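The values are calculated or read from the model by the stated rules, or taken from the named source; none is laboratory data. Just so we're clear, the structure is a prediction, and the values are computed from it rather than from any experiment. For neighbour counting, all protein chains shown are included, and Cβ atoms are generated from backbone atoms with ideal geometry for every residue, glycine included.
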Amino acid sequence: MAVTTQKSTQVTNFDASPSVREETSDVHGRLRIAAFDHTQSGAGDATSSAEVVRLPAGTVRLLGALSRVEHNWTTASATMDIGWDAYTDLDGDAVAADADGIDNGVSVDTAGAMAVGSALTADTKVFISQGGVSIRLTSTDTAIVSGDTASGYLVYVLD
C-alpha cells in the first residue's frame, strides 16, 4: 500500500477551473432551527400521526445528530417513526412519502429524549423541494393517548 492524499468532492469542485459552485446546504450554509410542541388531543389509533415541522422550499439539509425529540407517549410498547410527507422536487417530479425515513420504530413507551436520524445515511438528509417538506411523527404499533406529548427541534442547513 501507498500513502495517499485525496480531496473531498467539495474541495475538488472548488479547485476546478472554472470553480464549481456548491449548494449552501453543503458549504457555507447557515444552521436553522425549527422547534415544535405537540400534545395529542383525543386518542388516536395505531398509525396516527402529527405533522410537527414544515421545512422550507429549496435545498435543505437536515442534521439528525443536532436535532432532538422529547417524548412522553405513555402506551406500553409504543414506538415512533419520524419521516416526511410526499412533496414535489425542483423538476416538478413527485417524491414519495416515507413515514420512517428519518427514524424507524424507536421505543418511546417511557418518557425520554432522543437524537434524530437513526435511519439516515451519514446522519443527514437533503430535501430538494418546490414547496417545502412536512416532517411527521407516527405511532407505529399502538394508540396515542390523549395528552401524550412530543416536543423538540430539527436543525437544518439553508442559505
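Filtering the range 30-48 to residues that are over 14 Å from Gly147 (Cα atoms) and part of a strand (DSSP E or B) leaves Arg30, Leu31, Arg32, Ile33, Ala34, Ala35, Phe36. Considering only the range 1-55, state which residues are charged (D, E, K, R) and touching a residue at least 24 places away in the same chain (Cβ under 8 Å). Across the range 1-55, the qualifying residues are Glu23, Asp26, Arg30, Arg32, Asp37, Asp45, Glu51, Arg54. With respect to the conditions (1) hydrophobic (A, V, I, L, M, F, W, C); (2) touching a strand residue (DSSP E or B) at 6+ places or on another chain (Cβ under 6 Å); (3) at pLDDT below 95, Ile135 lacks only one, and its number is (3). Can you tell me which residues in the range 2-49 are modelled with pLDDT of 90 or more and under 14 Å from Arg61 (Cβ atoms)? Once the filter is applied, which keeps residues that are modelled with pLDDT of 90 or more and under 14 Å from Arg61 (Cβ atoms), the range 2-49 yields Arg30, Leu31, Arg32, Ile33, Ala34. Looking across the range 65-102, just one residue is within 17 Å of Tyr153 (Cα to Cα) and either without any contact (Cβ under 8 Å) to a residue 24 or more places away in the chain or among the basic types (Lys, Arg) (or both), and that is Arg68. When the strands (runs of 3 or more DSSP E) confined to the range 55-159 are screened for residues that are surrounded by 17 or more Cβ atoms within 10 Å (Cβ to Cβ), those reaching at least 2 such residues are found at 58-72, 79-84, 98-107, 124-129, 133-139, 149-158. Residue pairs whose Cβ atoms lie under 6 Å apart, sitting 6 or more positions apart in sequence or on different chains, and linking a residue in the range 129-158 that is under 10 Å from Arg54 (Cβ atoms) to a partner that is of a type in the set (Lys, Arg) and assigned to a strand (DSSP E or B), are Gly132/Arg54; Ser134/Arg54. The number of residues in the range 21-58 that are farther than 24 Å from Gly92 by Cα, more than 19 Å from the chain's Cα centre (by Cα) and not β-branched (Val, Ile, Thr) comes to 8.
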